[in-house]
Amino acid sequence: MLHSKVIVESSARLHLGFYNIISKNVAYGSLGVAISEPKVVVSVLKSKETAIVNNTSIKQLEKTVLKTINMLKLNKVKVIVEKSIPRHVGLGSTTQLMLSIGYGISSLYKLNYSIRELAARLKRGTVSGIGIATFEKGGFVIDSGRIVSGKIVKPPTKVEELPQIIYRKSIPKNWFFTVIIPKGVRGLTEREEKEILSIPEPMDKNLERELRETVLMHLLPSLASVNIEEFGKALTKVQILVGTYFAKYQGGIFCCEETEYAINSMLRHGAYGAGQSSWGPTAYGIVLGLRRAKNVLRKVKKDMERKGYEAEYYIVNVRNRGAKIIYS
C-alpha cells in the first residue's frame, strides 16, 4: 500500500553514566534508559519541494530538520515537528529528532534503511550509543562503547562502528522517574562535548575499579532481582563516581547548583536513587509507585521554589519499546 504520510513518535532518554571511560582501545561504555516524556512527534509527508514546519515552542529546530533531510539526500519532503524534546538539557534531543525524521523519510519513500544504518548516515553515536539504542529498543540499555583510533574518538561512518547493545532489560511499570529540568541553565552542545571527549583521558584506577564493581556487582544484580532500593543506591554511586571524573570539566560532581540541589532534595524526600542525565541540567530520581512519586515531586518542588529555582517537572515511566510509526 502506498502512503502519503507517516508519523513517528519517540521520547527522551536519560544518560545514567559510564562504566568505562577508556580501556585499551574502547571508550565511553554507557548506561541509559528510555523515558516516556518529553516526547518527539514528527509527521513526514511527500511534497514537491522541501518544507519544514515547527509547531513547537523550541527555537532553531529547523536547522536540525534541514540537516537531516540533506544528509539523506532528499529534496521532496515536508516535515512537521509536532512535539520535541528541550535542547541542551541532557535528554538526547538531537538524536531522537534526527532518527525520527530519518525513520519517517525511509519508511515513506521505502528506502529500507535500518535504524542503525540511519544512525550511521546521520553521524549519531559519536560518544554514546544510548540514544540510538533507546530509539530502537527502549528500556534500560548498556552499550559496548566506542573504538578509539589513534587516541581519538571519531564519528562513526558505518554501522559496525556504532556502539552495540550488550545488555537490555524492560523496567517494571511501577518504577517511576521524577525528572526535573532547571530553567536558565543549559548543558553542553554536541560541539562543546566533542572538544572535551574526542581524546579520552584515563580515569583514576581506584575510581575505575570501584565504578565497574558497582555496575557489575550491584546495579545489574539488583535490576535482575527487581530490587529498586538496591538499584537506586548503585545508580547514585555510579553518578558520584562518574561525576568525580567529570568534575574537572563541569566544575563539580554535578553541572550546577540547581541540579545538585534537586538531586539532594529527591534523595532526602524518598527517592531510592538520583543523578544527573548526561551534562545536565536535567536531574532525575527513581521511585516505586505513582503515589510516592507524586509525593516526592511535590516536596522537591516546594524546596526548589523556596530556593528561587524555576524548573520543569515530570513523572515518567520507562518506555519499554522502540519508536512508534503510524502510516496514513
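The values are calculated or read from the model by the stated rules, or taken from the named source; none is laboratory data. Please read all numbers here as calculations on a predicted model, not as lab measurements. Note that each Cβ is placed from the backbone with ideal geometry, even for glycine, and that neighbours are counted across all protein chains shown.
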Residues in the stretch 145-168: is at least one outside the structural domain of residue 290 (by TED's automatic domain parsing), under 14 Å from the mean Cα position of the chain (by Cα), over 27 Å from residue 259 (Cβ atoms) and not hydroxyl-bearing (Ser, Thr, Tyr)? no
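Return the only residue of 48, 73, 59 being out of contact with any helix residue (DSSP H, G or I) (no Cβ under 9 Å at 6 or more places or on another chain), within 25 Å of residue 162 (Cβ to Cβ) and loosely packed, with under 15 Cβ neighbours inside 10 Å. Working first, answer last.
Working: 48 fails: within 25 Å of residue 162 (Cβ to Cβ); 59 fails: within 25 Å of residue 162 (Cβ to Cβ).
The conditions single out 73.
Taking the stretch 18-57 only, how many residues are assigned to a strand (DSSP E or B) and over 30 Å from residue 326 (Cα atoms)? Quick ask: steps written out before the conclusion?
First, pick out the residues of the stretch 18-57 that are assigned to a strand (DSSP E or B): 18-23, 26-46, 51-54.
Add one more test, that the residue is over 30 Å from residue 326 (Cα atoms), and what stays is 18-23, 26-30.
Here the count works out to 11.
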Is it the case that some residue within the stretch 182-197 is closer than 28 Å to residue 295 by Cβ, at pLDDT 95 or above and assigned to a strand (DSSP E or B)? yes
Among (1) touching a helix residue (DSSP H, G or I) at 6+ places or on another chain (Cβ under 6 Å); (2) among the β-branched types (Val, Ile, Thr); (3) in a strand (DSSP E or B) - the single one residue 95 does not satisfy: (3)
Strands (runs of 3 or more DSSP E) contained in the stretch 217-328 and holding at least 2 residues surrounded by fewer than 24 Cβ atoms within 10 Å (Cβ to Cβ): 311-316, 324-327
Scan the stretch 217-228 and give yes if some residue there is touching a residue at least 24 places away in the same chain (Cβ under 8 Å) and not hydrophobic (A, V, I, L, M, F, W, C), otherwise no. no
Which one is surrounded by the most Cβ atoms within 10 Å (Cβ to Cβ) among residues in the stretch 171-216 that are charged (D, E, K, R) and free of Cβ contacts under 8 Å to residues at least 40 places away in the same chain? 210
Check 137, 123 and return the single one that is surrounded by fewer than 24 Cβ atoms within 10 Å (Cβ to Cβ) and over 14 Å from residue 320 (Cα atoms). 123
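If the requirement is being modelled with pLDDT under 95 and within 26 Å of residue 283 (Cβ to Cβ), which of these qualifies: 59, 24, 83? It would help to see each step written out before you state the result.
Details: 24 fails: within 26 Å of residue 283 (Cβ to Cβ); 83 fails: modelled with pLDDT under 95.
Within the list 59, 24, 83, the selection yields 59.
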